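The next block holds one structure in the form of structure tokens; read it before the comments.
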Ligand code: GDP
């Protein structure tokens, strides 16, 4: 798959509106502001492929990007907004749990966490759903440029120690969209999941 060819395919409020469940896709999940849009844009070498939502809770949609006929990337709705209603939180949980459990073409899940505060409760929930679905996980500690090298290594070590039961094929990386750190490793991991 050629990441530069990524383009918007469709937005879906539920699995029934998603593109046909054929070929292979890799989905991106993360708390709002974790750097998910920036990571997608950096991985695809585009500035405005994924856009940040400035309105909490409004974008409860799966956004599908096409790489080619067989391969897609999926931007999952960001989570962890403090101020959204219970109804929106419940809707989000149902959408996520349903998508991760049911989507046959889903070959891997990228979970993005700000390296300065990883593994919040909701991140753990997301990782647990991925584990339940036996999906290979790529855990990205984002904005690694915000920490010094030693702190990056310490955080990697701590997170690795806590995530002992990741499904086979999973990987943990420090990532920075602004410093282009972890881009090639992430692309290699995603390509591997898409083509297996
Ligand atoms: P999203 O809500 O998860 O899609 O997050 P965004 O990609 O919109 O990023 C949230 C904020 O973090 C924005 O202000 C970005 O400029 C900033 N950001 C994203 N990635 C990086 C990074 O690698 N390094 C730094 N320093 N800031 C980043």
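A short reminder: the numbers here are calculations on the coordinates, not readings from a lab. Keep in mind the model is a prediction, meaning the values are calculated, not measured. Backbone-built Cβ (ideal geometry, glycine too); neighbour counts: all protein chains shown.
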Using the Kirkwood formula over every pair of different C-alpha atoms, what hydrodynamic radius in Å results for segment 66-116?
13.1 Å
Label points 7 Å out from Cα along the Cβ direction at residue 88 and residue 162: separation in nm?
2.5 nm
When segment 150-196 is reduced to its Cα atoms, the Kirkwood hydrodynamic radius in Å
12.1 Å
At 0.36 nm per residue, minus the direct Cα-Cα distance, what do residue 196 and residue 13 gain on full extension? Give it in nm, one decimal, please.
63.1 nm
Based on the Cα gyration tensor of segment 104-182, what are the three equivalent ellipsoid semi-axes, each the root of five times an eigenvalue, rounded to whole Å and given largest first?
22, 13, 11
Calculated P(r) of the chain - Cα pairs past 19 Å, %:
57 percent
Figure the gain on full extension for residue 101 and residue 117 (residue separation times 0.36 nm, minus the Cα-Cα span) and round it to one decimal in nm.
3.1 nm
Which whole-number percent is the relative contact order of the chain (Cα, under 8 Å, 6+ apart)?
24 percent
Put one equal scatterer on each alpha carbon of segment 62-153, apply the Debye formula with no solvent term, and list log10 I(q)/I(0) at q = 0.11, 0.15, 0.19 1/Å to two decimals.
-0.38, -0.69, -1.02
